[in-house]
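There's a structure below that I have some questions on.
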Amino acid sequence: MIVAKLMHSIEAGTERDLGDYVWFWCPGCAGYHRARVRMPDRPTDQEIADQQANRQGLWTWNGNESSPTIRASILLGIEQSGKRCHSFVTDGRIEYCTDSQHALSGQTIDLPEIEL
Ligand SMILES: [Zn+2]
């Protein structure tokens, strides 16, 4: 069993590589959030348009699964119905922005460990 604070997945499709994602558990939402850290080798026109419109952007990750830092911020719940969750992941901790709409808004907590 491997314990980490972040899961890195390379999602391969049947016809092409769909890119790299990092996943972490968000206690504020009681669910996983993900960020794309690398585009596919051959992005579709829609993926390029989404990235240019900042709907499905590219994030950076420091490559560390036990003390991850992800940039830019991660924002969910704008287009979907439901609560907004806005955070930065820095050195293995989640910094919830005050515009988050859950109980951890404004708090900074350790990222929960997950079993890989
Ligand atoms: Zn969340």
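The values are calculated or read from the model by the stated rules, or taken from the named source; none is laboratory data. Just so it is clear, the model here is predicted, and its values are computed rather than measured. Here the Cβ is made from the backbone with ideal geometry for all residues, glycine too, and neighbour counts use every protein chain on show. Note: accessible area is taken over every heavy atom of the protein model, side chains too, but ligands, DNA and RNA are not part of it. Shrake-Rupley method; radii C 1.70, N 1.55, O 1.52, S 1.80 Å.
Taking segment 72-116, which residues are within 22 Å of H8 (Cα to Cα), open to solvent by 80 Å² or more (accessible area, probe 1.4 Å) and at pLDDT 95 or above?
Within segment 72-116, D91, R93, D110 meet the criteria.
Mind checking which pairs have a first residue in segment 26-38 that is more than 7 Å from the ligand (Cβ to nearest atom) and a second that is open to solvent by 70 Å² or more (accessible area, probe 1.4 Å) and at pLDDT 90 or above, Cβ under 6 Å, 6 or more apart or different chains?
Taking only residues 6 or more apart or on different chains, the pairs are Y32/W25.
Within segment 57-71, how many residues are touching a residue at least 24 places away in the same chain (Cβ under 8 Å) and surrounded by fewer than 13 Cβ atoms within 10 Å (Cβ to Cβ)?
So the answer is 1.
Can you give me the number of residues within segment 11-43 that are at pLDDT below 90 and surrounded by fewer than 12 Cβ atoms within 10 Å (Cβ to Cβ)?
Of the residues in segment 11-43, 6 are at pLDDT below 90 and surrounded by fewer than 12 Cβ atoms within 10 Å (Cβ to Cβ).
Here is a list of conditions, (1) outside any loop (DSSP other than H, G, I, E, B); (2) away from the ligand (no atom under 15 Å from the Cβ), and E95 meets all of them except one; can you say which number that is?
Tallying (1) outside any loop (DSSP other than H, G, I, E, B); (2) away from the ligand (no atom under 15 Å from the Cβ), E95 fails exactly one: (2).
Just give me the residues in segment 54-71 being at pLDDT 85 or above, assigned to a loop (DSSP other than H, G, I, E, B) and either farther than 15 Å from I109 by Cα or not hydroxyl-bearing (S, T, Y) (or both), in sequence order.
Matches in segment 54-71: L58, W59, N62, G63, N64, E65, P68.
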